[in-house]
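The values are calculated or read from the model by the stated rules, or taken from the named source; none is laboratory data. Note that the structure is a prediction, hence the values are computed from the model and not measured. In this analysis, Cβ positions are derived from the backbone assuming ideal geometry, glycine residues included, and neighbour counts consider all displayed protein chains.
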Amino acid sequence: MQTYTIPVITIDGPTASGKGTVAHRVALHLGFHYLDSGALYRLTALSALRHNVALNDEHALAKLAEKLPCKFLGDEIWLANENVSNAIRAEEVGNTASKIAALPTVRHALASLQHGFRAAPGLVADGRDMGTVIFPRATLKVFLTASVEARAQRRYKQLIEKGFSASMENLLKDLRERDARDSNRAVAPLKPAEGAHFLDTSDMTADQAVEQVLQWYAAVKKQM
Ligand code: CDP
Ligand code: CDP
């Protein structure tokens, strides 16, 4: 399959597998742009929660997604005039994001926004359907995963560091539910893209995972 002229690396995987951390570091290393596609679903979810939009009102949710007044300023994420970088990381927002992400009209409304991130010199995009739906002709596709216990541990640490309260028991339950919902939905379910490199990071540091992705990218580039 022919790849895009501007290179794209996709990193998909389940929640707390390290996609964001790894994708961000790979992008920094290569000087590429970075798309955190999950943030767009989280922004739509936060907006819905704030405006009391019912989570089964597909039409209203799609409207919110279409007109999302968001800005990505370096590491900061803004919704209208508010820095929501921390607020969108709350588990309630993640769980709501996973629910509305099953709606085809919401996915459709966010697709063109995501395509717009592909710009020179290249893009690293992380999410659930980056390699399967949004950038099917990506130069390199990675499917990142880790055991549910390792992921719950990572998320727990992250939440405590951000000042949220958390319990391992609830996190394990939420992660399992979210995995099932993301993998079993009819539209753009979480699954490895065809030709994706599989990376289980249960016993790896984030830096080791970054190193592996960079090695794969260098190998693909050599063949081009
Ligand atoms: O960080 P975490 O993996 O928990 O979630 P995220 O990547 O921020 O995404 C939040 C939710 O948005 C996920 O549970 C997915 O349901 C949804 N999502 C999606 O459906 N497609 C994407 N490309 C990215 C996120
Ligand atoms: O984006 P996603 O939800 O997949 O995960 P993340 O928010 O990037 O990563 C979850 C946490 O796991 C971060 O605090 C990382 O530093 C840590 N971590 C990792 O990303 N990769 C490893 N191999 C080990 C830990």
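Among helices (runs of 4 or more DSSP H) entirely within the stretch 129-223, having at least 1 residues that are away from ligand 1 (no atom under 12 Å from the Cβ) and buried (at least 19 other Cβ atoms within 10 Å of the Cβ) singles out 206-223. Yes or no: the stretch 152-165 includes at least one residue that is of a type outside the set (Lys, Arg), under 22 Å from residue 189 (Cβ atoms) and either within 16 Å of ligand 2 (Cβ to nearest atom) or in contact with a Lys or Arg (Cβ under 9 Å, 6 or more places away or on another chain) (or both). Yes, the stretch 152-165 has at least one match.
Within the stretch 25-42, residues that are within 16 Å of residue 69 (Cα to Cα) and among the hydroxyl-bearing types (Ser, Thr, Tyr) have Cβ atoms under 6 Å from residues that are at pLDDT 95 or above and near ligand 2 (Cβ under 10 Å from one of its atoms) in these pairs: 37/127, counting only partners at least 6 apart in sequence or on another chain. Of everything listed in (1) more than 23 Å from residue 174 (Cβ to Cβ); (2) under 14 Å from the mean Cα position of the chain (by Cα); (3) within 12 Å of ligand 2 (Cβ to nearest atom), the single unmet condition for residue 26 is (2). Going through (1) touching a residue at least 12 places away in the same chain (Cβ under 8 Å); (2) under 28 Å from residue 69 (Cα atoms) one by one, residue 171 falls short only on (2). Taken together, the residues in the stretch 149-162 that are in contact (Cβ under 8 Å) with a residue 12 or more places away in the chain and more than 30 Å from residue 220 (Cβ to Cβ) amount to 8. Listed by position, the helices (runs of 4 or more DSSP H) contained in the stretch 7-125 that have at least 2 residues being within 9 Å of ligand 1 (Cβ to nearest atom), small (Gly, Ala, Ser) and modelled with pLDDT of 95 or more are 37-50.
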